[in-house]
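Since every read-out is calculated from the coordinates, none of them should be taken as a lab result. The model shown is predicted, which means the values in this text are computed figures rather than measured ones. FYI the Cβ positions are ideal-geometry reconstructions off the backbone, even for glycines, and counts take in every protein chain you see.
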Amino acid sequence: MVEYVNSQIPNIINFGLKVVLSLICFFIGRKLIRWVQKLVRASLNRANVDKGVEQFVDSMLKVVLYCILIFSLVANFGVDTTSIAALFASGGVAIGLALQGSLSNFAGGVLILLLKPFVVGEKDYIIESGTGNEGTVKEIQIFYTKLSTVDNRMIVIPNGALSNNSLTNVTAKEKRRLEIKVGISYESDLRKAKEVIESLLLEDESILKDEEIIVYVDELAESSVVIGSKSWVKTDDYWPTRWRLLEEIKLTMDEQGINIP
């Protein structure tokens with residue numbers, strides 16, 4: 001046993017040196033990968049590339065470079081890389097079936113970047129129809145897109161789901177139509193109620209006066225006459241204007257003796 005151990009000492013030392021060398025190469029390679037990522041990001045910024053494209057390319061570049069680094073380290077241990085390549089090639093079908101969800105998400109990310117139904121930033125607010133998740137688009141990665149909700153939660157949605165399901169981009173346009181419906185009792189003065197709503201719309205500074213403003217009877221419901229109104233506001237002003245007008249309509253109708261059942 002002693003003779004066997006003594007005979008294997010050169011091999012053990014050689015293996016240990018390879019391990020140390022591989023660790024050194026890994027840490028150096030990791031720093032080089034970060035440097036390449038930084039260089040590519042700077043180049044994309046100078047080219048004024050879309051933020052989503054930049055994040056997608058950065059994420060994909062990181063995966064590819066790390067695969068190359070690990071493949072090189074494996075070769076350093078004397079493993080036949082040709083055999084490894086043949087193994088990956090023969091198992092390609094099985095790997096493809098096992099990763100079909102991930103491949104679908106990857107393809108979905110590419111479609112999102114090409115078709116641009118939304119962009120990364122502080123503006124685009126989307127609603128995904130499949131799950132009802134909604135939020136501001138913060139990041140597009142290889143397989144997932146990250147949304148930030150109004151209550152500061154982070155939602156991660158697979159790119160495949162976003163590309164295969166319908167979605168609503170709430171902030172895609174500069175203007176948005178504001179539709180408000182209010183029910184009044186059958187005993188209340190209908191004409192006065194319409195005048196109250198119309199005057200409040202005309203007086204509100206956020207309502208776009210060069211766009212059409214309509215006040216109409218929307219429905220004769222079972223216990224109320226539903227008055228509808230349609231006007232236009234800037235997209236950023238939509239919710240503050242809606243909340244403000246609903247409160248003003250309620251207070252003004254109370255003052256005018258118009259009953260909301």
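Brief remarks on what is shown
- Taking mean projected area of the Cα convex hull in nm² as calculated from this structure, the corresponding entry among (1) 15.9; (2) 21.2; (3) 24.1 is (3).
- Mean sequence separation of contacting Cα pairs (under 8 Å, at least six apart), scaled by the length of the chain, corresponds to a relative contact order of 14 percent.
- Considering only 46, 177, 30, the Gaussian network model of the chain with Cα springs below 10 Å gives its largest mean-square fluctuation to 46.
- Dipole check for the chain: with +1 at the C-beta of Lys and Arg, -1 at the C-beta of Asp and Glu, and the Cα centre as origin, the magnitude is about 1740 Debye.
- In order along segment 21-30, the Karplus-derived 3J(HN,Hα) couplings, from 6.51 cos²θ - 1.76 cosθ + 1.60 at θ = phi - 60°, round to 4, 5, 5, 4, 5, 5, 5, 5, x, 5 Hz, and Gly and Pro are given as x.
- Segment 131-202, relative contact order [Cα under 8 Å, separation at least 6], %: 15
- Helix axis angle, 51-76 relative to the chain longest principal axis, alpha carbon, degrees: 20
- Per-residue extension of 0.36 nm, minus the Cα-Cα distance of residue 26 and residue 244, leaves a gain of 72.6 nm for this segment.
- Members of 51/175; 194/250; 173/209; 116/138; 138/230; 209/234 lying beyond 21 Å, as alpha-carbon distances in this model show: 51/175; 138/230
- Here the calculated FRET efficiency for residue 114 and residue 211, from their Cβ-Cβ distance with R0 = 45 Å, stands at 0.85, rounded to the nearest 0.05.
- Against the chain, whose longest principal axis is taken from its Cα atoms, helix 238-255 shows a tilt of about 30°.
- Helix-derived mean residue ellipticity, 222 nm - over the chain, DSSP H n ≥ 4, -39500 (n - 2.57), to 500: -18500 deg cm²/dmol
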